[in-house]
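Since the structure comes first, as C-alpha cells, the remarks are kept for the end.
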Amino acid sequence: MNKKAVVAMSGGVDSSVAAALLKRSGFDVAGVFIKFWKDGKSAENSCCSVESEKMARLVAKKIGIPFYVINAEKEFKKKVVDYFLSEYKKGNTPNPCVVCNKEIKFGILIEKALKMGADYIATGHYARISSLSLRGRSEATDEAIQSYRLPRRPYRIFDLRAPRNDIYFKLHKGKDKEKDQSYFLWQLRQNQLKHVLFPVGNYTKPEVRELAEKFDLPSAETPESQEVCFVQNSTNEFLKKYLKTKPGKIIELKDVRHPAGRRTSPKAFGQHQGLHFYTIGQRKGLEIPQGPWYVVAKDFKNNNLIVSKDEKDLMQKELIAKNVNWISGKELKLPIKIEVKIRYRSNLADAVLYSKYTLNSAGAKIRVYKIVFDKPQKAVTSGQSVVFYKGKELLGGGVIFYRVKRV
C-alpha cells in the first residue's frame with residue numbers, strides 16, 4: 001500500500017514541484033492550500049492571495065491529485081499576527097515565518113493531515129532531513145550517541161519504509177546554499193519531523209524550475225513570494241494601523257555615553273515616529289542631517305532612539321538567547337563550539353554556546369543561553385532568531401533576548 005502524503009501547496013513553484021516529485025515516486029498525494037489571515041486584499045505575490053489559491057488548484061489538477069482548502073485564518077491571526085504585533089510593541093523585530101512553521105504548517109497541517117489518513121506532510125522548503133533508527137545493527141558512533149544524549153541502543157541508518165516510531169531525526173541545510181530555508185525551521189520537534197518530507201531539499205532553485213517545466217506545471221514561472229505574507233504593503237504601514245505611535249527624540253550615542261549626558265538631558269537633533277518603526281542597524285528613513293546614521297539602540301524608558309555615525313557601534317561580542325529548542329529534543333553537552341546565524345541573510349559566524357540563568361521581568365529565574373562570537377557581529381537584534389549549526393546540520397535555535405558587550 002502506497003504511503004500517503006499531504007502537500008502544503010502555495011501556488012509557488014517549490015511546493016508544486018514537491019507534489020509532482022512525490023506523485024512520481026509513488027506516493028498517494030493530496031494537495032492542500034492553507035488560508036491565512038490577511039490584512040485587506042493580499043498582494044498577488046503573497047502565498048495567501050486568491051491568485052495563489054487558483055494557481056495551486058490548477059497545479060493539483062495538472063498533476064492529477066485531489067485538492068483541498070483548509071481555513072486557518074483564526075489560528076493564524078492568534079498565533080502569528082498577534083505575536084508579530086506584540087513583539088514589535090515590545091521593541092523587538094520578530095520572525096513571523098518561524099512561528100508560522102511551528103504552529104501552522106507543521107502544527108495544524110500535520111494534525112489535519114493525520115486525520116485525513118496521511119502518513120506525512122510535505123512542503124517546498126529548501127531543507128533536508130536525515131535519521132537514525134534506534135533499532136537494528138549499530139552504525140552510529142559513540143561520539144554521536146554522546147553528543148545527542150541518545151540511549152545506548154543499536155542503531156541503523158533509517159529507511160523510509162521503516163516505521164518512524166523509534167527514529168531520531170536530524171535537520172540539515174538544503175542543497176541550494178542561496179535558497180536554504182533551514183533557518184526558519186529551528187522550532188520543529190521530533191514528533192513533527194517524523195511526519196515531514198522536504199522533496200525539493202536535494203535540488204537547487206534552477207533545478208526546481210527545470211523540473212517544473214519538465215512536469216509542464218503552470219506555476220513554472222511563478223515569481224518569489226513576499227517575505228511577510230499578511231502585510232499588504234510595508235511593515236511600517238501595517239504597524240501604524242494596529243499599534244499606537246508615540247513620537248520621541250533622536251539622540252546621538254556619544255551624548256548618552258558622555259558623563260555630562262548622564263547628568264543632564266542629552267541633546268535631541270531629530271524626532272522619531274515611534275520606536276517600533278525602527279530596527280537595529282537601520283540606516284534609511286531616519287530623516288536627520290549630516291548622515292549616514294545608524295540605529296544602535298532603542299531607549300524605551302525615555303522613548304529615545306539612539307543613533308551613531310560609527311558603524312563600530314553596531315558590533316556585538318555576545319548575545320543572550322531565550323526559548324531555545326533542540327532538534328534532537330535534548331540539550332547538547334555545553335559549552336560547545338558552533339556556527340550561528342543571527343538573521344536569515346547573515347553569514348554563519350563561529351561562536352561558543354554556554355548555558356546560564358537570568359531573571360525575567362517578574363523576577364523569576366529562567367534558563368537562557370549565552371553566545372560568545374569569535375569575531376564581533378553587526379546589528380544583533382532582539383526578537384530575531386539565532387540558529388545553531390554544526391556543519392550542514394541544524395542543531396536548534398532560540399530568540400535573541402538581548403545584546404551584551406558592545407565592542
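Just need a number here: residues in the stretch 323-355 that are touching an Asp or Glu at 6+ places or on another chain (Cβ under 6 Å) and of a type in the set (S, T, N, Q).
Result for the stretch 323-355: 0.
Those residues that are surrounded by fewer than 18 Cβ atoms within 10 Å (Cβ to Cβ) and among the small types (Gly, Ala, Ser), I need them from the stretch 218-229; list them, please.
Passing the criteria: none in range.
Looking at this structure, is PRO335 under 29 Å from ASP180 (Cα atoms), in contact with a helix residue (DSSP H, G or I) (Cβ under 9 Å, 6 or more places away or on another chain) and surrounded by fewer than 17 Cβ atoms within 10 Å (Cβ to Cβ)?
Spelling it out, it is not the case that PRO335 is under 29 Å from ASP180 (Cα atoms), in contact with a helix residue (DSSP H, G or I) (Cβ under 9 Å, 6 or more places away or on another chain) and surrounded by fewer than 17 Cβ atoms within 10 Å (Cβ to Cβ).
Within the stretch 89-112, work out how many residues are farther than 24 Å from HIS276 by Cβ and of a type in the set (Gly, Ala, Ser).
Residues flagged as farther than 24 Å from HIS276 by Cβ and of a type in the set (Gly, Ala, Ser) within the stretch 89-112 amount to 1.
Return the residue satisfying two criteria in turn: it lies in the stretch 58-69 and is surrounded by fewer than 17 Cβ atoms within 10 Å (Cβ to Cβ) and free of Cβ contacts under 8 Å to residues at least 60 places away in the same chain, and of such residues it is farthest from PHE33 (Cα to Cα).
Per the stated criteria, the residue is GLY64.
Restricting the search to the stretch 201-220, which residues are among the charged types (D, E, K, R) and in contact (Cβ under 8 Å) with a residue 60 or more places away in the chain?
Matches in the stretch 201-220: LYS205, ARG209, ASP216.
Hey, could you check the stretch 112-152 for residues that are of a type in the set (Val, Ile, Thr) and in a loop (DSSP other than H, G, I, E, B) and say which is modelled with the highest pLDDT?
Across the stretch 112-152, the extreme among qualifying residues is THR123.
Kindly indicate the residue of the stretch 80-109 that is without any contact (Cβ under 8 Å) to a residue 24 or more places away in the chain and out of contact with any helix residue (DSSP H, G or I) (no Cβ under 8 Å at 6 or more places or on another chain) and also nearest to TYR126 (Cα to Cα) among those meeting that condition.
Only one residue fits best here, namely ASP82.
What tally of residues in the stretch 190-217 results from selecting those that are surrounded by fewer than 16 Cβ atoms within 10 Å (Cβ to Cβ) and part of a loop (DSSP other than H, G, I, E, B)?
The qualifying residues number 2.
Considering only helices (runs of 4 or more DSSP H) fully contained in the stretch 1-110, which possess at least 3 residues that are closer than 22 Å to GLN181 by Cα?
13-24, 96-100
Considering each of TYR389, TYR344 in turn, give the residue that is aromatic (Phe, Trp, Tyr), touching a residue at least 12 places away in the same chain (Cβ under 8 Å) and either within 14 Å of LYS317 (Cα to Cα) or part of a loop (DSSP other than H, G, I, E, B) (or both).
TYR344
Looking only at the stretch 15-41, count how many residues are at pLDDT below 95 and either buried (at least 17 other Cβ atoms within 10 Å of the Cβ) or not assigned by TED's automatic domain parsing to the domain that holds GLY107 (or both).
Residues meeting the conditions: 3.
Residue by residue through the stretch 42-62, note down the ones that are touching a Ser or Thr at 6+ places or on another chain (Cβ under 8 Å) and at pLDDT 95 or above.
Scanning the stretch 42-62 gives MET55, ALA56, LEU58, VAL59.
Go over the candidates VAL296, VAL352, VAL368, VAL380 one by one and state the one that is touching a strand residue (DSSP E or B) at 6+ places or on another chain (Cβ under 6 Å) and in the same structural domain as ASP255 (by TED's automatic domain parsing).
It is VAL296.
The values are calculated or read from the model by the stated rules, or taken from the named source; none is laboratory data. Everything quoted here is computed from the prediction, not taken from an experiment. Quick reminder, even Gly has a Cβ in these numbers, built from the backbone with ideal geometry, and neighbours come from all protein chains shown.
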